[in-house]
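Peer 1: Below you will find the structure I want to go over with you.
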Amino acid sequence: MAVLIEGYSIIINKAQAMKNQKALSTLASVKGTLHPMAICSDEGLLRIGFMDMRDANEFVMALESAGLCYKCTENGKEAAKDIVMVTQFGEVEVPCPWLNVQFTKLKDDTLICLASLQSEENVSGVAFPKGWALNISMLKRFYEERTHYMQENYELVREEPMHDIYHNKDNGQEIRLLKLKFSETIQKS
């Protein structure tokens, strides 16, 4: 199975959290303060989504204070150990050897990001927050806010089937924003 990634998602490796009573207590203490649609889980992962990176980082700090490790250095390389942050665009701040991130489409061609344990051979299903619907989802709100930000601060250069390409006016760099819905490229024969 896999969990839906929306906004800034904090992914917790349940096996690691279960070994730490203080971490379990911290999770239990914040459960009532989180919006129910911010949470989903499968057998191995717990996902908690945030619209704001500051809120996500504060949550990571609370989990680290409870003994879970985010950015750990082993053999000179930084990697996520117990928790990791992933955006709905598939961005992972630090390599995570136990997590697999991929994309798939819903029946209506909405592109979604999924996370599953690396040990999962095939993803057989997706855990969504209880009551999840695209029109009221964090997925849509996060995407719309990001698109609005890009339109205000960057120049749209072109559209591709999966991305809108923007130009950074200050440094000339191209920025690719993954579309929430995309069209297949038509193959010419």
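Peer 1: Just for the stretch 79-92: of the residues that are of a type in the set (D, E, K, R) and in contact (Cβ under 8 Å) with a residue 12 or more places away in the chain, which one is surrounded by the fewest Cβ atoms within 10 Å (Cβ to Cβ)?
Peer 2: So the residue we want is Lys81.
Peer 1: What are the residue pairs meeting all of these: first residue in the stretch 133-152, first residue closer than 21 Å to Ala38 by Cβ, second residue surrounded by 13 or more Cβ atoms within 10 Å (Cβ to Cβ) and charged (D, E, K, R), Cβ atoms under 7 Å, and 6 or more apart or on different chains?
Peer 2: Matching pairs, first to second residue: Leu134/Lys140; Ser137/Glu6; Met138/Glu6; Leu139/Glu6; Phe142/Glu6.
Peer 1: Can you tell me which residue is nearest to Ser65 (Cα to Cα) among those in the stretch 28-54 that are without any contact (Cβ under 8 Å) to a residue 24 or more places away in the chain and of a type outside the set (Ser, Thr, Tyr)?
Peer 2: Ala28
Peer 1: Quick test of your reading of the structure: Gln16 fulfils all but one of (1) without any contact (Cβ under 8 Å) to a residue 60 or more places away in the chain; (2) surrounded by fewer than 18 Cβ atoms within 10 Å (Cβ to Cβ); (3) outside any loop (DSSP other than H, G, I, E, B). Name the failing condition by number.
Peer 2: Only one criterion in (1) without any contact (Cβ under 8 Å) to a residue 60 or more places away in the chain; (2) surrounded by fewer than 18 Cβ atoms within 10 Å (Cβ to Cβ); (3) outside any loop (DSSP other than H, G, I, E, B) is unmet by Gln16, namely (1).
Peer 1: Scan the stretch 47-71 for residues that are closer than 20 Å to Ala15 by Cβ, touching a Phe, Trp or Tyr at 6+ places or on another chain (Cβ under 8 Å) and either assigned to a helix (DSSP H, G or I) or not aliphatic (A, V, I, L, M) (or both) and report the count.
Peer 2: Counting residues in the stretch 47-71 that are closer than 20 Å to Ala15 by Cβ, touching a Phe, Trp or Tyr at 6+ places or on another chain (Cβ under 8 Å) and either assigned to a helix (DSSP H, G or I) or not aliphatic (A, V, I, L, M) (or both) gives 4.
Peer 1: When only residues in the stretch 57-78 that are under 17 Å from the mean Cα position of the chain (by Cα) and farther than 17 Å from Ala17 by Cβ count, which is surrounded by the fewest Cβ atoms within 10 Å (Cβ to Cβ)?
Peer 2: It comes out as Glu58.
Peer 1: Within the stretch 103-121, work out how many residues are over 20 Å from Leu178 (Cα atoms) and either of a type in the set (Gly, Ala, Ser) or within 19 Å of the chain's Cα centre (by Cα) (or both).
Peer 2: Looking only at that region, the number is 5.
Peer 1: With (1) part of a strand (DSSP E or B); (2) within 18 Å of Tyr143 (Cβ to Cβ); (3) hydrophobic (A, V, I, L, M, F, W, C) as the list, and Phe89 as the residue in question, which single condition is left unmet?
Peer 2: Exception for Phe89: condition (1).
Peer 1: Okay, moving on. Can you find a residue in the stretch 29-36 that is at pLDDT 90 or above, over 21 Å from Glu144 (Cβ atoms) and out of contact with any His (no Cβ under 8 Å at 6 or more places or on another chain)?
Peer 2: No, there is no match, as no residue in the stretch 29-36 is at pLDDT 90 or above, over 21 Å from Glu144 (Cβ atoms) and out of contact with any His (no Cβ under 8 Å at 6 or more places or on another chain).
Peer 1: So which residues in the stretch 152-166 are surrounded by 11 or more Cβ atoms within 10 Å (Cβ to Cβ) and within 24 Å of the chain's Cα centre (by Cα), if there are any at all?
Peer 2: Asn153, Tyr154, Glu159, Glu160, Met162, His163, Asp164, Ile165, Tyr166, listed by residue number.
Peer 1: Only one of Ile165, Ile175 is in contact with an Asp or Glu (Cβ under 8 Å, 6 or more places away or on another chain) and farther than 14 Å from Ile5 by Cβ; which?
Peer 2: One residue alone meets the criteria, Ile165.
Peer 1: Same structure again: Applying the selection to the stretch 93-102, what residues are surrounded by 13 or more Cβ atoms within 10 Å (Cβ to Cβ), over 11 Å from the mean Cα position of the chain (by Cα) and within 17 Å of Leu46 (Cα to Cα)?
Peer 2: Cys96, Trp98, Leu99, Asn100
The values are calculated or read from the model by the stated rules, or taken from the named source; none is laboratory data. What you are looking at is a predicted structure, and each value in this text was computed from that prediction instead of being measured. Ideal geometry is used to build each Cβ from the backbone, glycine not excepted, and the neighbour counts take in all protein chains shown.
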